[in-house]
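What follows is a short report on a single structure.
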Ligand code: ATP
Ligand code: MG
């Protein structure tokens, strides 16, 4: 039955995969905090116009990839394909533009109708940061340094290369457009030029790629301000010891970028090698109806990062509560609750004979099992079994469970502590 399959390009995050995702997100969240970026979240769907104009009508995202629909109230809404436009919308709608600089971190699902393949999905997840209100190159440097730090902490720095380019300012791009207009271009490329002359470098179409190969170097058309800005970004990265490779063909898929553009790229993922991409977007806030505020940020694909990290952290090893008989079950339930109250992870087995319950204890990789049967209860003890060595001993465990929850089971807790310290 088709409806029992996940929709094409979507996938379930089973516990192992979820732990990988969580490792990426928690690493990024902690690093973002070190750099003074505050976590925030915007809605997963917005009015379509939040994305359409800012991202660019002629981009692949807007032209082919958005999940757009009319809701039951007749509103045209879109599942967010990326989060920069949403964050900027939030800055404007919450009147935050007065209190710049703003530094935000986010993570969550994004949606693009793409052809699914390794590292490319229709629902995927991103972490990202935005630094809004700082025109100086320090912002670009800090944002890249944060990205680099995250990749470092994930153990990926040796697997990725930072590629860097400048898209210059509007004046430089206009000069470049002039140069290209007199070049031999196909009708198609000429149309693309209109909005963003650098777009030809991002095109996967053969005609555009030919033009891109033969086009004059954009660097020769940078005005002094743009050149100076780029030099300062590079100088800052050099001082921080962040290596990069200049890539004059690197342009971003969205129209709103200016000056710095960068990507962290790996060869370990086949064609889907870009794990993190970003740049400066000085015109975006104003274009969306806010004051003329500069901005810079990046977004990274969690699935791609998660595939690259080694083993995800193992889940913590719980205590297995293994009751025998009905009285045992009642006692186990209460003891489990007391232990959890004190911060232990406890896996309570619900049914089956002793052998079956012990199998479950092994399956959940418990460190230790606490066995409670009629006989133990009668003697006011529980059996504690070390599941690694198989050794077992008894501990006094008052089953007078009316004592205050935080005072009871002192001895049992002391014994269990040995296994987890
Ligand atoms: P690509 O060139 O791979 O299509 P992009 O330039 O469209 O990437 P961005 O919009 O810059 O990507 O998004 C930033 C990051 O999000 C990418 O570098 C990638 O890691 C991830 N990403 C983008 N699209 C997808 C997708 N469809 N599935 C999984 N990850 C994605
Ligand atoms: Mg893409």
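Brief remarks on what is shown
- Helix-derived mean residue ellipticity, 222 nm - over the chain, DSSP H n ≥ 4, -39500 (n - 2.57), to 500: -11500 deg cm²/dmol
- Centre-to-centre, using Cα atoms only, region 1-38 and region 254-280 are separated by 20 Å.
- Relative contact order (percent, whole number), the chain, Cα cutoff 8 Å, 6+ residue spacing: 15
- Residues 66, 321 in ascending order of nearby Cβ atoms (within 10 Å, fewest first): 66, 321.
- Beta bridges per DSSP with both ends in the chain, % antiparallel, nearest 5: 80
- Tilt relative to the chain, helix 137-153 - C-alpha long axis, 0 to 90 degrees, to 10: 40
- Computed over region 226-323, the P(r) tail beyond 17 angstrom holds 66 percent of alpha carbon pairs.
- Sequence of 103, 118 once ranked by neighbouring C-beta atoms within 10 Å, starting from the fewest: 118, 103
- With neighbours defined as other Cβ atoms within 10 Å of a residue's Cβ, the residues 254, 333 order from fewest to most as 333, 254.
- The Rg/Rh ratio of the chain, with Rg taken over Cα atoms and Rh as the Kirkwood radius over Cα pairs, comes to 1.13.
- Per residue Cα convex hull volume in Å³ - calculated over region 1-140: 153
- The overall shape of region 114-256 is oblate: from the C-alpha gyration tensor, with semi-axes ordered a ≥ b ≥ c, the ratio a/c is 1.5 or greater and a/b is no larger than b/c.
- Given their separation in residues at 0.36 nm each and the Cα-Cα distance between them, residue 386 and residue 41 gain 119.8 nm when the chain is fully extended.
- For region 273-360: relative contact order, % (alpha-carbon pairs under 8 angstrom, 6 or more apart): 21
- Prolate/oblate/rounded call for region 109-177, Cα gyration tensor, a/c under 1.5 rounded: oblate
- Shape call, region 242-292: gyration tensor on alpha carbons, a/c limit 1.5: prolate
- Nearest-ten-degree value, helix 15-34 long axis tilted from longest Cα axis of the chain: 60
Only the coordinates and a few stated rules stand behind these numbers; no lab work does. Because the structure is a prediction, the values reported are computed rather than measured. Glycine gets a Cβ as well: all are built from the backbone with ideal geometry, and neighbour counts include every protein chain shown.
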